[in-house]
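Please read the structure below before turning to the comments.
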Amino acid sequence: MLNELSVLVDITAIVLFILTLRGLSSAATSERGNIFGIIAMSLLILFCLGRDGLIIALRDHNITSVLMLSQTKVVLYYIATIIALISGGAIGYIIAKKINMTSLPQLVAAFHSLVGLSAVCIAVAVFCSPAAFGGSGTGLNGLSIAAAIEMSLGAAVGAVTFTGSVVAFGKLHGIISGKPLSFKWQHKINAALGLIIVIAIILFSLAQTPQMLSIIILTSLALGYLLIMPIGGADMPVIVSMLNSYSGWAAAGIGFTLNNNVLIIIGALVGTSGAILSQIMCKGMNRSLINVILGGVGGETALAQGSSKDHGNVKLCSTEDAAFIIGNAGSVIVVPGYGMAVAQAQHAIKEMSDILKAKDISVRYAIHPVAGRMPGHMNVLLAEANIPYEDVLEIDEINHEFARTDVVLVVGANDITNPAAKNDPTSPIYGMPILDVEKAKTVLFVKRSLASGYAGIDNTLFYQSNTMMVLGDAKKVCEGILRELK
Amino acid sequence: MFNPESLIIFILACFVGYYVVLKVTPALHAPLMSVTNAISSVIIVVAIYAATETTFVVAYRASTSWLGIIAVFLTAINIVGGFMLTRRMLAMFAKKKKEGDK
């Protein structure tokens, strides 16, 4: 009876979780999908909390015998669990309510680190009492070889996710330098750590000692740190998606250990989701995942290459002139980038586009897949500023429109507009799909200074005859243009 | 114990995940990340089990329960935080949609 009920709950939850992801195929169905997810999760949690009571009630065919539970010493743990559940939930609620949308990428990274850490906690918990989790014995070799391998894999992936996400959080939040930090023998050390983890997992499966488990976890923690440390800020979209994927695999690992189908299925869903996102992000940069993980893009070679070239003059333009040019255009495309997010310029841009639309000037937005610091980062910020959904277009939808556009306003983006990706085979970003902004009649490039982008690559767009640079903070410039337009 | 059925389920779930996520519109990739983050915290069920399991009192170790409780706390932050954040983001997209219809 309990088994049948448990299967029913599991199936319902799995179907609802799949519908949650399916709902995200359009903005119209996405909110309903999210509610499905909340229902599924609540169902699983409530069933799990009530399970002990159900077991006893079903065994004795008597609801009141549930009260017998209170005579065991487990009550303390029940109370502690419920306190943990409520306090954790409250903290999560407050964080999600208070957070500024600009800090979204680092928040997601922080959330990933929690999944990683809890996977480690659970793996150790299983290790401490194997008998409670279907293990045969009570001693140190309580788990079967397969379960021990699965559990230690879950712990290792969880630990890598944990430290990796903490580093990613630090980089996104500006606590740790966003610059790629390469160190000597970086790849050899990482490979050696990986090898140590594999050997330790094999040894652990044969003799389940706490020492071996500690070696697995500590080495994985170190590996997570060293893997993400050398990766530059603009590669973060790939890294955040990759860590998203890892958190799923860690859950699946725990699911395999315990033969829990819900965990296996959800882990697989989340794992593939993250993997697809990282693949999309990699395509957006024309790099392989391996290449991104190996890190160190933006090293000295790229810098030297950029500065040695002489491209000629850069035309500067004041905000008044920029406002005049925009005000007299027939069509405008805004290309937002990370600079817009940092400066919080999206609200000024929205106001500006309202004025332009009132003057019958078409305003649209072109989103590059890797603009910003996480997948969909720009879309969220534009949505926050109430910019209509249908004005925001992906690279494939809008790229052919640039040639027919009067003015392109690039706000805080750089490498994703660099024509060198198309016509300079020596450029480090050669082959990366870019927005064809250079084809527009006029390009207004809002930028803080003439320094190069993250990759340390000079943007040849700056020197084009139809490009005018508007130097200054993205928000201040947009507000300046706005004032002139009014 | 190794259960070959688990592997079958896992592989099939990967395929389901692949085709479902492929359909997600790029504009909603950020909510996708936050919602998958919330649902990967489904490991909370194991955490609750570890924290409260009653049937193994003989082989019982306090560390298992306390580790479970820590994991419950961490995953609860994630679940509520992840779903609420997704809701907040989706509400912004929905608002836009309605205004666009006008």
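Taken over the stretch A:98-109, the residue count meeting the criterion of being at the interface with chain B (Cβ under 9 Å from one of its Cβ atoms) and either out of contact with any Pro (no Cβ under 9 Å at 6 or more places or on another chain) or not in a helix (DSSP H, G or I) (or both) is 5.
Among the residues making up the stretch B:9-52, a single one is aromatic (Phe, Trp, Tyr) and modelled with pLDDT under 90: B:Tyr49.
For the stretch A:268-363, the helices (runs of 4 or more DSSP H) that sit wholly inside it and include 3 or more residues that are modelled with pLDDT under 85 and within 21 Å of A:Pro237 (Cα to Cα) are A:289-294, A:338-343.
When you scan the stretch A:372-440 for helices (runs of 4 or more DSSP H) that lie fully inside it, which ones turn up with 3 or more residues that are at the interface with chain B (Cβ under 10 Å from one of its Cβ atoms) and of a type in the set (A, V, I, L, M, F, W, C)? If you could, list the steps in order and put the result at the bottom.
Working: elements: A:377-384, A:395-398, A:420-423.
Here the list reads A:377-384.
Report whether or not A:Ala119 is part of a helix (DSSP H, G or I) and either touching a residue at least 60 places away in the same chain (Cβ under 8 Å) or closer than 24 Å to A:Ile254 by Cβ (or both). In short, yes. Mind checking which residues of the stretch A:33-52 are more than 10 Å from chain B (Cβ to nearest Cβ) and at pLDDT below 90? Hit for the stretch A:33-52 is A:Gly50, nothing else. For the stretch A:421-436, name all the residues that are touching a Ser or Thr at 6+ places or on another chain (Cβ under 9 Å) and modelled with pLDDT of 85 or more. Of everything in the stretch A:421-436, those that are touching a Ser or Thr at 6+ places or on another chain (Cβ under 9 Å) and modelled with pLDDT of 85 or more turn out to be A:Ile434, A:Leu435, A:Asp436.
When the stretch A:242-259 is filtered for residues that are at the interface with chain B (Cβ under 7 Å from one of its Cβ atoms) and either more than 22 Å from A:Phe133 (Cβ to Cβ) or part of a loop (DSSP other than H, G, I, E, B) (or both), the ones remaining, listed by number, are A:Asn244, A:Asn259.
With respect to the conditions (1) under 23 Å from B:Val24 (Cβ atoms); (2) surrounded by fewer than 20 Cβ atoms within 10 Å (Cβ to Cβ), A:Asp354 falls short on a single one, namely (1).
Of the listed requirements (1) outside any helix (DSSP H, G or I); (2) at pLDDT 90 or above, A:Gly139 misses just one: (2). Tally the residues that are modelled with pLDDT of 75 or more and either facing chain B (nearest Cβ under 8 Å) or touching a helix residue (DSSP H, G or I) at 6+ places or on another chain (Cβ under 8 Å) (or both), restricting the search to the stretch A:55-88. Going through the stretch A:55-88 one residue at a time, the tally reaches 11. When the stretch A:194-216 is filtered for residues that are of a type outside the set (S, T, N, Q) and surrounded by fewer than 18 Cβ atoms within 10 Å (Cβ to Cβ), the ones remaining, listed by number, are A:Gly194, A:Leu195, A:Ile196, A:Val198, A:Ile199, A:Ile202, A:Leu203, A:Leu206, A:Ala207, A:Pro210.
Name the single residue that is surrounded by the fewest Cβ atoms within 10 Å (Cβ to Cβ) among those in the stretch A:378-396 being charged (D, E, K, R) and in contact with a helix residue (DSSP H, G or I) (Cβ under 9 Å, 6 or more places away or on another chain). Before you say what the answer is, go through the steps one by one.
Applying the first criterion (charged (D, E, K, R)) to the stretch A:378-396 yields A:384, A:390-391, A:394, A:396.
Those left that are additionally in contact with a helix residue (DSSP H, G or I) (Cβ under 9 Å, 6 or more places away or on another chain): A:384, A:390-391, A:394.
Details: A:Glu384: 22, A:Glu390: 11, A:Asp391: 17, A:Glu394: 15.
Selected residue: A:Glu390.
Select from the stretch A:235-278 the residues that are among the polar types (S, T, N, Q), surrounded by fewer than 24 Cβ atoms within 10 Å (Cβ to Cβ) and in contact with a Leu (Cβ under 7 Å, 6 or more places away or on another chain) and list them in ascending order. Within the stretch A:235-278, A:Ser278 is the sole residue that qualifies.
Considered as a group, the residues in the stretch B:1-37 that are more than 7 Å from chain A (Cβ to nearest Cβ) and aliphatic (A, V, I, L, M) include one that is farthest from A:Pro130 (Cα to Cα), and that residue is B:Leu12. Residues that are surrounded by fewer than 24 Cβ atoms within 10 Å (Cβ to Cβ), more than 8 Å from chain B (Cβ to nearest Cβ) and without any contact (Cβ under 8 Å) to a residue 60 or more places away in the chain within the stretch A:11-32 comprise A:Ile11, A:Thr12, A:Val15, A:Leu16, A:Leu19, A:Thr29, A:Arg32, listed in sequence order. What residue, among those in the stretch A:397-439 that are farther than 17 Å from A:Gly284 by Cβ and basic (Lys, Arg), is surrounded by the most Cβ atoms within 10 Å (Cβ to Cβ)? The qualifying residue surrounded by the most Cβ atoms within 10 Å (Cβ to Cβ) is A:Lys439.
The values are calculated or read from the model by the stated rules, or taken from the named source; none is laboratory data. Every value quoted in this text rests on a predicted model; they were computed, and no experiment measured them. All Cβ positions, glycine included, derive from the backbone under ideal geometry; neighbour counts span all protein chains shown.
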